[in-house]
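Have a look at the structure below before the remarks.
The values are calculated or read from the model by the stated rules, or taken from the named source; none is laboratory data. On a predicted model such as this, the values are computed, not experimentally measured, just so you know. No Cβ is skipped: glycine too gets one built from the backbone with ideal geometry, and neighbour counts run over all protein chains shown. For accessibility, only protein heavy atoms count, side chains too; no ligands or nucleic acids. Shrake-Rupley method; radii C 1.70, N 1.55, O 1.52, S 1.80 Å.
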Amino acid sequence: MTVTVINQQLRTAAPAVRLAGVGKTFGTGPSAVTALRDIELTVRPGEFVCLLGASGCGKSTLLNLVAGLDRPSLGEVRLATGRPSFMFQEPALLPWLDAARNVELPLRLNGVGKTARRRRAAELLELVRLEGQGSKRPHELSGGMRQRVALARALAHATHPENPDDSGLLLMDEPFAALDAITRDVLQGELLRVWRATGTTVLFVTHDVREALRLAQRVVLLSSRPGTVVGEWAVGDEDLHDEITGRLREVISRHAA
């Protein structure tokens, strides 16, 4: 198992993400559904945090609130960066653009000039080991390669090459769930390499305990709906798999009961 221990600098830095008393309810009256309740969560700059929980516990809803795609019904979401970026299960690449122009798209929308954005897209494609593949369109790439392009595009939006103090925020909603086991394993390793190279803050959603322990510095467990934080572990040298799996099973059993 590959793990990274939270260092003292992360513990003392100002939060990149802070959720205080956050709740989210959809609808009103008898048909209202509360997805999240009393969420307290802090993510430090450059930290890699995995949100773990069963399907339907509100993990994706939480990411949407952090991204600003929705607003909390209660509480407050505060970000230290203005550049949150999303990566989904599906690459969601534009099929009429080649890989390089897909990566350039957020730079173009942010007003970056042609020369600068082409240079930055080439750098990011090289970072995700797709050097020389920029002229290919999505249908010419494998599923794993398409997700690498999606990662490069997300980094293009999340990071600012002219402001190294802003490492950016990358929100990842089970981005490897649709891939085969071998490709998923490879891309998990690649994500760790890219994260270490860029210092980007990562908030990663998964329901897979092994994936969470391989990737994260810290694992946060959400209860079943309404989701709230019921467990948190700093990943170190000890084997936490059985402990976290047991807690996850308890959460699911309580919901089923």
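Among the DSSP beta bridges whose two residues both lie in the chain, what percent are antiparallel, rounded to the nearest 5?
On the way: 17 of 36 bridges.
That works out to approximately 45 percent antiparallel.
How many percent of DSSP beta bridges within the range 126-257 run antiparallel, rounded to 5? Each step should come with its number before you reach the end.
Values: 5 of 10 bridges.
The answer is about 50 percent antiparallel.
Quick one, what does Rg over Rh come out to for the range 143-225 if you take C-alpha atoms and the Kirkwood Rh?
On the way: Rg = 13.2 Å, Rh = 13.6 Å.
With Rg and the Kirkwood Rh in hand, the quotient comes to 0.97.
In whole Å, what are the Cα extents of the range 183-257 along the three principal axes, biggest one first?
Ordered largest first, the range 183-257 gives principal extents of 44, 25, 25 Å.
Can you list the lysines whose alpha carbon is less than 26 Å from that of Lys114, not counting same-chain residues fewer than 8 positions off?
Lys114 reaches Lys136.
What order, most packed first, do the peptides 92-104, 200-212 have when packing is the mean number of other Cβ atoms within 10 Å of each residue?
200-212, 92-104
So what's the gap between the Cα centers of the range 16-43 and the range 179-251, to the nearest angstrom?
21 Å
Stretched out fully, how many nm does the piece from Gln89 to Ser142 gain, at 0.36 nm a residue minus the Cα gap? Working shown, then result.
Values: separation 53, 0.36 × 53 = 19.08 nm, distance 1.46 nm.
17.6 nm is the gain from fully extending Gln89 to Ser142.
Counting only helical runs of four or more DSSP H residues, what would the 222 nm mean residue ellipticity of the chain come to if each run contributes -39,500 (n - 2.57) and the total is spread over all its residues? Intermediate values should be presented prior to the final figure.
Working: 8 runs with 96 residues, N = 257.
-11500 deg cm²/dmol, from helical runs alone.
Considering amide H positions built from the backbone, and no H for Pro or chain starts, which residues 5 or more places from Lys136, or on another chain, come under 5 Å of its amide H?
When sequence neighbours closer than 5 places are left aside, the close amide H contacts are Ala99, Ala100.
Just to confirm, what accessible area per residue do you get for the chain at 1.4 Å probe, in whole Å²? If you can, show how the numbers build up before the last one.
Values: 12420 Å² over 257 residues.
So the chain comes to 48 Å² accessible per residue, rounded to a whole number.
Ignoring ligands, DNA and RNA, what percent of the accessible area of the range 91-178 is carbon or sulfur (1.4 Å)?
Accessible surface attributable to carbon and sulfur in the range 91-178 totals 47 percent.
Each residue of the range 118-128 in order: what ³J(HN,Hα) in whole Hz does its phi give by Karplus 6.51 cos²θ - 1.76 cosθ + 1.60, θ = phi - 60°, with x for Gly and Pro?
In residue order, the calculated couplings are 5, 5, 5, 4, 5, 4, 6, 5, 5, 4, 8 Hz.
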